[in-house]
Amino acid sequence: MPTVNRSAYPRFSPKRSPRELPACYTPSTEEMEWSHSVAHGERLRHASLVLHKCFLQLHYFPELGDNPREITSHIAEVMEAYNGFAKWLSF
């Protein structure tokens with residue numbers, strides 16, 4: 001019998017391996033560029049990336065408040081690193 005997070009109604013697993021965050025929730029360059037094209041402002045870009053990455057795992061859009069803090073924090077850290085790198089390239 002499949003676990004609840006692998007069933008017809010998947011949920012976030014309570015325990016994540018250390019490799020799961022980078023493997024499943026790190027936005028690619030294309031996804032970062034997509035978020036810049038669809039959302040204006042860092043908060044909306046962050047929300048769009050969180051929803052997008054969670055949708056890819058769950059196959060539905062969860063409420064923003066239901067996303068685990070470690071996932072939203074990981075995506076925020078990646079965005080900060082990407083934006084800093086992109087600003088450095090523009091000089």
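The values are calculated or read from the model by the stated rules, or taken from the named source; none is laboratory data. Since we're looking at a predicted model, the values are computed, not measured. In this analysis, Cβ positions are derived from the backbone assuming ideal geometry, glycine residues included, and neighbour counts consider all displayed protein chains.
Observations on the model:
- In segment 23-44, the count of residues that are farther than 11 Å from MET79 by Cα and in contact with a Phe, Trp or Tyr (Cβ under 9 Å, 6 or more places away or on another chain) is zero.
- Among the residues of segment 13-59, those identified as touching a residue at least 12 places away in the same chain (Cβ under 8 Å) and part of a loop (DSSP other than H, G, I, E, B) are ARG16, THR26, PRO27, HIS59.
Rundown of residues vs (1) of a type in the set (S, T, N, Q); (2) surrounded by 14 or more Cβ atoms within 10 Å (Cβ to Cβ); (3) at pLDDT 90 or above, yes/no style:
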residue	(1), (2), (3)
LEU21	no, yes, yes
CYS24	no, yes, yes
THR29	yes, no, yes
TRP34	no, yes, yes
LEU51	no, yes, yes
LEU58	no, yes, yes
GLY65	no, no, no
MET79	no, yes, yes
